[in-house]
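Enquirer: Dropping the structure in here first, questions after.
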Amino acid sequence: MTGCFISFEGGEGCGKTTHIALLAERLRGLGVETVLTREPGGTPLCEAIRGLLQFDAGGEPPTPEAEALLFCASRAQLISNVIRPAIERGAWVLCDRFSDSTLAYQGYGRGFDLASLRALIDFATGGLVPDLTFLLEASVETRNGRLDARYGTGVGADRFEREEDDFHRRVREGFEAIAAAAPGRIVRIDTERPLEETAAAIWCEAERRFAPFGADATHKEGSPC
Ligand code: Z5A
C-alpha cells in the first residue's frame with residue numbers, strides 16, 4: 001500500500017500551521033498513520049537550515065542564490081529521510097509548505113528565472129510532487145492582523161515577514177499563477193471564514209480524493225462530507 005502526500009501553501013498568517021494540525025488530529029483520531037512535517041525543517045539538519053534561513057542563525061544573511069539552494073537542500077533531505085519512507089509504508093504525509101513555496105518566494109518574490117528554479121526543484125525532489133495541495137488564502141489585512149496578534153503590531157518575526165509589501169504582493173500573485181497552472185492538484189481554500197468552516201472544507205476535499213486509500217478510516221461517523 002502506498003500513502004498520500006498533501007502540502008499546505010500560502011502567504012504568512014494564512015492559517016497553514018493551524019489547519020494542517022487540525023487535519024492531522026482528525027486523521028490520527030480515525031487511526032490513520034499521519035506524518036506531519038514542515039519546510040524548511042522536519043529533521044535535525046533541516047531544522048538547522050531553517051534557523052539559517054529565517055533568522056540568519058549563521059550571523060550572515062544568505063544571498064538570494066544561497067537561499068534558493070538551502071531551501072532545496074532542506075527539501076532533498078526531508079524527502080529522503082522522512083517523506084518517501086512514510087509514503088512507501090502507507091502513511092498520509094502532511095507537509096507545511098513544499099516546492100510551490102520556492103516558486104512563489106524565490107521565483108515570483110525574488111525574481112529568479114522560473115525554468116531554472118523548476119530544474120533545481122526537480123533535482124532536489126527527484127520529481128516528487130504532492131498528490132494534493134491546499135493553497136490557503138486570506139486578505140493582507142486579515143493575515144497582518146493575525147501576525148500582529150501573535151507578535152505585536154509592526155515588525156514581523158523573521159526575514160520573510162520583514163520583507164516589503166511589494167515582495168508579498170508578488171508572492172501572492174505567484175501562488176495564484178501556480179494554482180491556475182495546476183487546477184487538478186491545487187485547491188484554493190478561503191480562510192477568512194470561521195476556523196471550523198475552513199477545516200470542514202479541507203476535510204471534505206481530502207476525504208473525497210483519498211477515501212479509497214483511507215478505506216475504513218475515513219467514512220465514519222462525524223464526517224461532514
Ligand atoms: N519559504 C521560502 O521562501 N521558500 C521555500 O521554498 C519555503 C519557505 C519552503 C517560513 O515559512 C518562511 O520560509 C516563509 C516562506 C519561506 N516565510 N514567510 N513569510 P513558515 O511556513 O514557517 O512561516 P509562515 O508562513 O510565516 O507561517 P505562519 O506565520 O505560522 O503562518 P501560517 O502557518 O499560515 O498561519 P497560522 O500560524 O496557522 O495562523 C496564524 C494565526 O492566525 C494563528 O494564531 C491562528 O490561530 C490565527 N487564526 C485566526 N483565525 C484563523 C482562521 N480562520 N484560520 C486559521 N488561522 C486563524
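Throughout, read-outs are computed from the coordinates displayed, never taken from laboratory work. Model, not experiment: these values are computed from the prediction. Backbone-built Cβ (ideal geometry, glycine too); neighbour counts: all protein chains shown.
Enquirer: Under a point spin-label approximation (7 Å from Cα along Cα-to-Cβ), what is the residue 205-residue 181 distance to one decimal in nm?
Expert: 1.9
Enquirer: Here's something else I'd like to know. Which of these, 69, 195, 103, has the largest mean-square fluctuation under a Gaussian network model of the chain (Cα springs below 10 Å)?
Expert: The residue with the greatest mean-square fluctuation here is 195.
Enquirer: Output the relative contact order of the chain, whole-number percent, from Cα pairs under 8 angstrom with separation of 6+ residues.
Expert: Relative contact order here is 30 percent.
Enquirer: Once you place label points 7 Å from the Cα toward the Cβ at residue 73 and residue 122, how far apart are they in nm?
Expert: Reported label-point gap for residue 73 and residue 122 is 2.3 nm.
Enquirer: Here is a follow-up. Would you grab the residues whose amide H sits under 5 Å from the one on residue 93? Only those 5+ places off in sequence or on another chain, please, with H modelled 1.01 Å from N.
Expert: The answer is 4, 5, 6, 35.
Enquirer: Same structure again: Can you pull out the trypsin sites (Lys or Arg not before Pro) in region 75-139 whose DSSP state is coil and whose Cβ has at most 13 other Cβ atoms within 10 Å? Spell out each step's value before the answer.
Expert: On the way: sites: 75, 89, 97, 110, 118; in loops: 89, 97, 110.
Within region 75-139, the qualifying trypsin sites (Lys or Arg not before Pro) (loop, at most 13 other Cβ atoms within 10 Å) are 89.
Enquirer: Specify the longest stretch of the chain that does not include any exposed loop site, a site being one of the GluC sites (Glu not before Pro) with a non-H, G, I, E, B DSSP assignment and at most 16 other Cβ atoms within 10 Å.
Expert: With GluC sites (Glu not before Pro) excluded where exposed in loops, the chain gives 34-160 as its longest stretch.
Enquirer: Something else: For the chain, what is the largest minus smallest coordinate of the Cα atoms on each principal axis, given in angstrom and ordered from greatest to least?
Expert: 50, 37, 32
Enquirer: For helix 44-55, report the angle its Cα long axis makes with the longest principal axis of the Cα atoms of the chain; keep it between 0 and 90° and round to the nearest 10°.
Expert: The two axes meet at around 50 degrees.
Enquirer: May I ask for the Rg/Rh ratio of region 97-184, computed from Cα atoms with Rh as the Kirkwood radius, given to two decimals?
Expert: 1.00
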